[in-house]
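Written below as structure tokens is the structure these notes are about.
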Amino acid sequence: MHEITAFGTIVLIVGGAFVLAIVASKLTSYIPVPAPAIFLLAAAVASDVFPRLGDELSIKSVERVGVVALILILFDGGMHVGWRRFRASVVPIGVLGVVGTFATALIIAVAARVLFDFSWTTAGIVAAALAPTDPAVMFAVLGRREIRGRSGTILEGESGANDPVAIALMIGMLDIASHGGDVNVGVVGDFVLEMAVGLIAGYLGARVLLPFMRTSLPHEGLYPLRTLAVSLAIYGAATVAHGSGFLAVFVTGILVGDARAPYKAEIEGFHRALASLAEITVFVALGLTIDLTDVFSGTDWLKALALGVVLALIARPLVAAPLLLPVRLRWGERLFIMWSGLKGAVPILLAALALLQAVDHAKQIYEIVFVVVAFSVIVQGSLVPSMARWLHVPMRTSDLEPWHISMRLPKEPTGVRRFTVAGGGRAAGERIEDLPLSERAWIVMLVRDGEPIRAGGSTELEPGDEVLVITGGHDADVLQRLFERQSS
């Protein structure tokens, strides 16, 4: 009976999260606070006003919700990055995701030990929980604005790469805590094994999923469900093989992100919606399991705020600045990456793991994570759009497009590409007839300001125009440089 009640509570949370998402989408138009902060604070207040909500939700349930949510978020994040963008920034993503996570954890551990007088083991658990960043929070903060250039790819890729690293680090710290603080050399070997198996499982999973995505199904609604089922199976297989299932689904998402497949737009839209709902659900779950009266009864919340400040203004810049030195970025983009290490679903999941293991100061750790995540989302998150504007980070606003023109085909179309004309690019300001296109390539559709217009030879292209091109044998990369890359 208790399991049925717990399941009902989870269903209520998911349904309530969906309603909150609709309300928050309206509130954020008037209140300059990121939507995740509204979910977190609303749930925390609700659990204080209606204590039974929190009583029905166990930490074990939060951990289960967090695991499923992270699978959905990482798979969607990997698809959004795609292999082409990831390959161009693989070095900074890998360095920030692995080295940066350990270096950040080290600084947080020192700060936690000083602020809370924790043992090194407990401080390390706090550090492991707070080291990773979160891509879904960044998407929620930016709304319909999209970061252009390498800085956006680096932030998204780092967030996906550092989550599995931080989870493995937390498992290692919990193992140390269970052995009375004694460091087991085997922890390092376990970490390497998890990462290696996760990478291999992700690669093999993509090799299976890619041809599977192209096989026909009896109904179009089954195509997104198929990728969801396979991503969950990849996580399970990697975990059973003692690997990082989270890394596996992220790698699979990257490798299938740029692939052409039937109903690809519908698949991507389905997973983006699932990832958004998953992020909301985790924030609501955290809020419901927090007693605000306990959190603010002493002075620990002030120390946790100080820890959040150290993380945002000291740890993140100290780690990211030297690691980004070899990367070709403008200083505004470097500073933006240093500021934008937002916290989200993963710290919540990791703090839940600490509670489940009943380590020393587990409840205190959970409350510290709550305060730091709230600070990160409310303060850092609220300033992200302004920081992007002040630092001149290239961004574009993607307006909602609820209507579309499409043509269903029984076979995969070849040689058809869609591009957006970049401001300052080679095609901007040029007449169509003056573009370096062969006689076999032509623009078959042009959309300007949301309206389709006739694409004649004398039509002058403007920044923001969307063009549908029959490539006629042209290399897609050549066309992309013509339409979408800014002139140097």
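Just so you know, all these numbers are worked out from the coordinates, no wet-lab data involved. Bear in mind that the values here come from a model prediction, so they are computed numbers and not experimental data. Methodologically, a virtual Cβ is constructed for each residue, glycine included, from the backbone with ideal geometry; neighbour enumeration extends over all protein chains shown.
Across region 222-228, coupling constants 3J(HN,Hα) worked out from phi with the 6.51/-1.76/1.60 Karplus curve, θ = phi - 60°, read 7, 5, x, 5, 5, 5, 5 Hz, and Gly and Pro carry x.
Here r is the Cβ-Cβ distance between Thr299 and Val90 and R0 is 41 Å; the resulting FRET efficiency, rounded to 0.05, is 0.40.
If R0 equals 30 Å, the separation of the Cβ atoms of Val99 and Leu204 corresponds to a calculated FRET efficiency of about 0.70. Taking the inverse of the mean reciprocal distance over all distinct Cα pairs, the Kirkwood hydrodynamic radius of region 187-255 comes to 12.2 Å. Classification of region 265-361 by its C-alpha gyration tensor yields an oblate form. The axis ratio a/c (a ≥ b ≥ c) is 1.5 or more, and b/c is at least a/b. Rounded to the nearest Hz, the phi-derived 3J(HN,Hα) couplings of region 381-387 under the Karplus curve 6.51 cos²θ - 1.76 cosθ + 1.60 (θ = phi - 60°) are x, 5, 8, 4, x, 5, 4, where x marks glycine and proline. Extents of region 331-373, largest first, come to 44, 14, 12 Å (Cα atoms, principal axes, whole angstrom). Semi-axes of the equivalent ellipsoid of region 180-295 are 31, 24, 10 Å, computed as sqrt(5λ) over the eigenvalues of the C-alpha gyration tensor in descending order. Local charge for Ser89 was computed over the other residues whose Cβ lies under 12 Å away, with Lys and Arg +1 and Asp and Glu -1, and equals +2. Length available on full extension from Glu484 to Ala229: 0.36 nm per residue minus the Cα-Cα distance, which gives 88.3 nm. Each other residue within a Cβ distance under 9 Å of Ile368 adds +1 if Lys or Arg and -1 if Asp or Glu, for a net charge of -1. Only Cα sites of region 36-114 enter the Debye sum here, all with the same form factor; the resulting log10 I(q)/I(0) across q = 0.18, 0.24 1/Å is -1.03, -1.07, listed in q order. Extension gain for Leu313 to Leu193 (0.36 nm times residue separation, less C-alpha to C-alpha distance): 39.8 nm.
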